[in-house]
Amino acid sequence: TFTTLSISSLKHHLKTHSDEKRHVCHLCLKAFRTATLLHNHVNVHTRTRPYKRSDCDTAFVTSGELSRHRHYKHTLEKRFRCSLCKYSCVEASKMKRRTRSHTGERPSACDLCSYASKDAYKLKRHMVTHSGEKPYECYVCHAKFTQSGTVKIRMLQKHGENVPKYQCPHCSIFIAQKSDLRIHLRNLHSHMAVAIKCSYCEAVFHERSAFIQHKKTHRNEKRFKCDQCSYACMQEQRLIVHKQTHTGEKPFTSLCCNKSFQREQLLSLHFRKHHDSNIKPTAYECSKCGKGYSLW
DNA sequence: CTTCATGTCGCCCTCTGCTGGTTTGCG
DNA sequence: ACGCAAACCAGCAGAGGGCGACATGAAG
């Protein structure tokens, strides 16, 4: 529904409905409706870029390209605004793409799996997961990768100097990747609704990192304490043996002379001192469980 | 007819962030 | 020596910027 007040304008408009393309490119035989379109096309072949900007060293084949460049890089004018969010952009096609992320529409479907993307490029990128192709190579160590971004990060972290690291604001540790710092924060510094209780004392913690720090304070502590005297030690087994001094229990008995000992080592010493060194390995047994012991 | 602004489709790029397997260091 | 947790690392997808090429429409 084209309307105009001028006859010549109508005539011009009618030509746009015509399939007639009289202007043929002598380099590739492609045909165009107008001489200007052909002219622009030939400029592509000849790499002639008449539309220039003096201040940023860029040049384009058409005025449209220059105009758009101006919006992107100089005026920063974003005429298209999303009605659903605060996103704005220079081009209508970008707005269309943005709208798809609101609607969830995924028109580009993979014919090898269930994946579908919002735009053609993502589908193309996805297809390398089926081909197994790794088109990006590290020029230092020649390791290959599926995406350009991955090789860039690899280059920086393996071969770069002054590699950026991400520091945790809570414990000052440096972590190589931002997303790993996020995981670190989540696992170690986030508040837990259910507190962890220290198994050595009464302390409780809502943050894992604080709990780990606290545990270290128990590391060299003599936390196994005798309830009958002031004796304390770091190992539970030692406390059990110690307690025998209070009970008078002597579980290790020599079968040779019937003499009993509190500890295996004492029985062992007794054997070496008083009995034949050729004695058989199961020469004594525990009075509690009946287990036989070999000492040498 | 030409020029210019604007529109449209498509391509490629980078940045970003999540995921899950692997390696490493510590208790 | 072993097991576990944390960091490392590559794969992969989401989102958005910028431009190539060409079409359309208004105005001179």
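What follows is calculated from the coordinates using simple rules that are stated; it is not laboratory data. As the structure is a computational prediction, the values presented were derived from the model and not from experiment. We place every Cβ from the backbone using ideal geometry, glycine too, and count neighbours over all the protein chains shown.
HN-Hα J couplings of region A:101-110 from phi, Karplus 6.51/-1.76/1.60, θ = phi - 60°, integer Hz, Gly and Pro as x?
6, 7, 7, x, 5, 10, x, 9, 9, 7
Between A:His218 and A:Thr34, what length comes free when the chain is fully extended (0.36 nm per residue of separation minus the Cα-Cα distance, one decimal in nm)?
57.6 nm
Just grab the label-to-label distance for A:Ser260 and A:Tyr121, each label 7 Å out from Cα along the Cβ direction, in nm (one decimal).
In this crude label model, A:Ser260 to A:Tyr121 measures out at 8.5 nm.
Restricting to DSSP loop positions (anything but H, G, I, E, B) with no more than 16 other Cβ atoms inside 10 Å of their own Cβ, which trypsin sites (Lys or Arg not before Pro) remain in region A:36-65?
A:Arg47
Where in region A:155-196 does the amide nitrogen come within less than 18 Å of the point 7 Å from the Cα of A:Ala210, taken along Cα to Cβ?
Under 18 Å, as judged by backbone N against the label point of A:Ala210, lie A:169-172, A:185-196 of region A:155-196.
Does region A:63-120 come out rounded, prolate or oblate by the C-alpha gyration tensor, with a ≥ b ≥ c the root eigenvalues, rounded set by a/c under 1.5 and, if not, prolate when a/b is larger than b/c and oblate if not? Let's see the in-between values first.
On the way: a/c = 4.29, a/b = 1.89, b/c = 2.27.
Because a/c hits 1.5 or more and a/b fails to exceed b/c, region A:63-120 counts as oblate.
If each of A:Leu112 and A:Gln147 carries a label point 7 Å out from its Cα toward its Cβ, how far apart are those two points in nm?
Here the answer is 1.7 nm between the modelled labels.
If I take all pairs of Cα atoms in region A:143-191, what percentage of them are more than 12 Å from each other?
In whole percent, the long-distance tail amounts to 67.
Cut-off is 10 Å between beta-carbons; in what order do A:Ser114, A:Ser209 appear when sorted fewest neighbours first?
Neighbour counts put them in this order, fewest first: A:Ser114, A:Ser209.
Quick query: amide H of A:Thr58 versus all other amide H atoms, modeled in the peptide plane; which residues come in under 5 Å with a sequence gap of 5 or more or a different chain?
A:Arg53
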